[in-house]
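Peer 1: Here's a structure for you.
The values are calculated or read from the model by the stated rules, or taken from the named source; none is laboratory data. This is a predicted model, so every value here is computed, not measured. Virtual Cβ from ideal backbone geometry, glycine too; neighbours counted across all protein chains shown. In case anyone asks, the SASA skips ligands and DNA or RNA and just uses the protein heavy atoms, side chains included. Shrake-Rupley method; radii C 1.70, N 1.55, O 1.52, S 1.80 Å.
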Amino acid sequence: MGDKNKPKSGVWPTIKPFVNGGTSGMLATCVIQPVDMIKVRIQLGQGSAAQVTRTMIKEEGIGALYKGLSAGLLRQATYTTARLGSFRILTNKAIEANDGKPLPLYQKALCGLTAGAIGASVGSPADLALIRMQADATLPAAQRRHYTNAFHALYRIVSDEGVLALWKGAGPTVVRAMALNMGMLASYDQSVEFFKDSLGFGEATTVLGASTVSGFFAAACSLPFDYVKTQIQKMQPDAQGKYPYTGSFDCAMKTLKAGGPLKFYTGFPVYCVRIAPHVMMTWIFLNQIQKLEANFGL
């Protein structure tokens, strides 16, 4: 994944990690979008994975599984471009400072935390649009926003609520991204070193094994924050204009009081199933993109 033998100067070597990261994330999202849609509905309390799937297809048609795809692609084009590009730049700089030696796990974790914060700050508007589009059909008819695509959602949010509303829930989004990327990126790089160098696995087995490990840790670290973030982003004011939560901490405390710690892991099997394949396919697509670039001397 590193570019140790590539020139370090020029525009392309600088933007390459960002372009590759965003492209691989968008390709993975095209495959994972239906599972992500089901995950959000489960978190909104509509039943099990099987119940949600049957209800969606019966009442809204097969196209409902891809509702919010434009927002999902926009999110990857911003969030994943920034986080994967930043992570590779940060780790390359850290390896240079470490005289070319492999980074210890804590340094990889710090790079993952930083990359997650950068990516989430850039991608928060698209993430908000995605959550709202996916949750719209679950609202009462009078409260539905009827966004037609991601750009329409962003336009409506700015028009109705102001520019700063694009970063509503940005706090929990950033925290969740930091937790996810610490688990996902650091454990992936660490697992690649272990499977390839210590166990002597081949490329395909290494990518599959490392992706599975990083997917699990990404899900376990981030789901509580993802749950709070989703609740904050989808909340609606009551008749008096009062929101159910005053902020992320208030939401976390009320959730803990009402359902206990396990409430934060609502939908964990589906969330884990969604995260792990997305991670796996992102790395596989990234690997194939890099091979294609190498063939063309890029």
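Peer 1: Give Ser159, Ser121 a once-over and let me know the one that is farther than 22 Å from Phe217 by Cβ and within 17 Å of the chain's Cα centre (by Cα).
Peer 2: Only one candidate passes the filter, namely Ser121.
Peer 1: Turning to a different aspect of this structure: Does Val213 satisfy the criteria of being touching a residue at least 40 places away in the same chain (Cβ under 8 Å) and either in contact with a helix residue (DSSP H, G or I) (Cβ under 7 Å, 6 or more places away or on another chain) or of a type in the set (A, V, I, L, M, F, W, C) (or both)?
Peer 2: No: the conditions fail for Val213.
Peer 1: Among the listed residues Gln51, Gln46, Gln76, which satisfies the condition of being touching a residue at least 24 places away in the same chain (Cβ under 8 Å) and assigned to a helix (DSSP H, G or I)?
Peer 2: Gln76
Peer 1: A further question follows. Evaluate the following for Lys254: is it of a type outside the set (Asp, Glu), at pLDDT below 80 and assigned to a helix (DSSP H, G or I)?
Peer 2: no
Peer 1: With the structure loaded, tell me whether Thr212 is β-branched (Val, Ile, Thr), crowded, with 19+ Cβ neighbours inside 10 Å and either closer than 26 Å to Ser86 by Cα or touching a strand residue (DSSP E or B) at 6+ places or on another chain (Cβ under 8 Å) (or both) or whether it fails that test.
Peer 2: Answer is no for this residue.
Peer 1: Taking the condition of being open to solvent by less than 40 Å² (accessible area, probe 1.4 Å), at pLDDT 85 or above and farther than 11 Å from Asp226 by Cα, how many residues in the range 260-271 meet it?
Peer 2: Number satisfying all stated conditions: 1.
Peer 1: Additional query: Please state which of the following conditions Tyr66 fails to meet, knowing it meets all the rest: (1) touching a residue at least 12 places away in the same chain (Cβ under 8 Å); (2) over 21 Å from Thr230 (Cα atoms); (3) surrounded by fewer than 20 Cβ atoms within 10 Å (Cβ to Cβ).
Peer 2: So the condition that Tyr66 fails would be (2).
Peer 1: Give the residue, chosen from Ala97, Ala82, Ala77, that is among the hydrophobic types (A, V, I, L, M, F, W, C), more than 16 Å from Gly183 (Cα to Cα) and open to solvent by 50 Å² or more (accessible area, probe 1.4 Å).
Peer 2: Ala97
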